[in-house]
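Inspection log for the structure reproduced underneath, given as structure tokens.
Please treat every number below as a calculation from the coordinates, not as lab data. Every value quoted in this text rests on a predicted model; they were computed, and no experiment measured them. Note that each Cβ is placed from the backbone with ideal geometry, even for glycine, and that neighbours are counted across all protein chains shown.
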């Protein structure tokens, strides 16, 4: 939606190419710089919403400022990379980082006919999955034709003629015409911090469940703000558009004089690499151990549709539940088309605080084009229920 | 005195969702959003 439509349909004055440089909470005003005229001026506010988003991590290695290296964190950065692919016709791309951005960019570049390599420092891609499920994704990447280099850390970029030419890891040099950085993001909160607005976990702005900061008249929402994790009962920083839209809605209702709360998140996310769908929600093993909880896991293999039905294909579902109580703690799914959105069943169960035993009797839909009579989700929670009860 | 004024810093998902929602509830609110990049974004 453009600034013109915001004006005509909503009556909102949206000014692009205007950067806020200072917040003065004492006098309720912000210093705004018009990036075209380079002029700055103070604008007063009664209420202020900080929605400054997140910024990509940039590796501090030699050559990281070479042209041809891109982070993906805004509509504009996506447009820029597409233009580069269209006009400069790069042949070889190297993606650094095996998270959502890395995977999705690897897919996009593969579809545009580039040779794609992916470098990941850890032992697996998608570190929001447990190692066993992450390994399935690594296997899928290789299967779709990506050159995968795990346990290799970035040491430098090489450049020649004013362009990046290679990515250097601790084990090899990978020639590159185009480099994509997918090393994660951090909340963009330097402006808020300078204004003395208290920050919380990982430098995200601390907010209450109405999205108010600790500074009177100032609210925060989106990738710059904290969320509350409903399973771990701790503040977290998760930079996802799903959360940003909901937090923005709640902040807006409260600012507009209504009353709304954002209770929190369960850490749900999905991604896709070619035919493979990847999904997760709740806590993974590492996070559960940090909380000191004892847990059981169940990992089952099934099919996305009835086994005999055309286009049925593999799906692996992992469920994690607390020992004793059987409370669902998390779930992860890897499979072909039809797999990923099943994570929403687990996400809803986490919101409801259900146990795996309670989930077994969920009245989920069934017909052969969509699932087996026991949906893979139900097969997983049945197995998890058995594991929860078994003596460890 | 003029209308109350909401200033939004950042014209992406959270900022523009909030701007639209606040304006919907309070038509008299003067809403201005500043975005340093060339685009705003919103999915109602």
Degrees between helix B:13-25 axis and first principal axis of chain B (Cα, 0 to 90, nearest 10) = 20 degrees
Taking the Cα-to-Cβ direction at residue A:7 and at residue A:390 and moving 7 Å from each Cα, how far apart do the two end points lie in nm?
-> 6.7 nm
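Work out the mean other chain Cβ neighbour count within 10 Å for the residues of A:42-50 and drop it here as an integer. Numbers along the way, then the final one.
Numbers: counts 0, 4, 3, 8, 7, 8, 5, 12, 6.
Partner-chain Cβ atoms within 10 Å, mean over residues of A:42-50: 6.
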Gained length - residue A:275 relative to residue A:374, 0.36 nm times residue gap less alpha-carbon distance = 33.3 nm
Tensor-based shape of the stretch A:56-185 (alpha-carbon gyration tensor, a/c under 1.5 rounded, otherwise prolate or oblate) = prolate
Could you tell me the largest-minus-smallest coordinate of the C-alpha atoms of the stretch A:1-79 on each of the three principal axes, in descending order and whole angstroms?
-> 45, 33, 24
Take chain A, connect every pair of alpha-carbon atoms lying under 10 Å apart with a spring to form a Gaussian network, then pick out the residue of A:355, A:371, A:77 with the largest mean-square fluctuation.
-> A:77
Could you work out the Rg to Rh ratio of the stretch A:1-46, with Rh taken as the Kirkwood radius (inverse of the mean 1/r over all Cα pairs)?
-> 1.05
Could you check what % of the DSSP bridge pairs in chain A are antiparallel, to the nearest 5?
-> 75 percent
Residue of A:17, A:31, A:148 that the Gaussian network model of chain A assigns the largest fluctuation, springs spanning Cα pairs under 10 Å | A:17
Sequence ranges A:238-244, A:7-13, ranked by mean other-Cβ count within 10 angstrom, highest first = A:238-244, A:7-13
Across bins of 5 angstrom width beginning at 0, how are the C-alpha pair distances of the stretch A:269-389 distributed, in whole percent?
-> 2, 13, 23, 25, 19, 11, 5, 2, 0
Using Cα pairs closer than 8 Å and at least 6 residues apart in sequence, work out the relative contact order for the stretch A:56-185, in percent.
-> 36 percent
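Relative contact order, percent, of chain A when contacts are C-alpha pairs under 8 Å separated by at least 6 residues? Can you show the working numbers first?
Details: 836 pairs, mean separation 49.7, N = 392.
Answer for chain A is 13 percent.
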Taking N as the number of residues in the protein assembly as shown, what value does Rg over Cα atoms divided by 2.2 N^0.38 Å take?
-> 1.06
Candidates A:62, A:376, A:314: whichever shows maximal mean-square fluctuation once chain A is modelled as a Gaussian network with Cα springs under 10 Å = A:62
In nm, spacing of pseudo-spin labels at residue A:42 and residue A:170 (7 Å Cα→C-beta vector) = 5.2 nm
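Using the Cα gyration tensor of the stretch A:192-265, with a ≥ b ≥ c the square roots of its eigenvalues, what is the shape: rounded (a/c below 1.5), prolate (a/b larger than b/c) or oblate (neither)?
oblate
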Sticking with the crude label model, points 7 Å out along Cα→Cβ, report the distance from residue A:17 to residue A:160 in nm, one decimal please.
-> 3.8 nm
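Summing -39500 (n - 2.57) over the DSSP H runs of n ≥ 4 in chain A and dividing by its residue number, what mean residue ellipticity at 222 nm do you reach, to the nearest 500 deg cm²/dmol? Please report the intermediate quantities before stating the final value.
Numbers: 9 runs with 95 residues, N = 392.
Here the helix-only value at 222 nm equals -7000 deg cm²/dmol.
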Could you grab the relative contact order for the stretch A:260-316? Cα pairs under 8 Å, six or more apart, rounded to a whole percent.
-> 19 percent
Fewest to most neighbouring Cβ within 10 Å: what's the order for A:374, A:42, A:276?
-> A:42, A:374, A:276
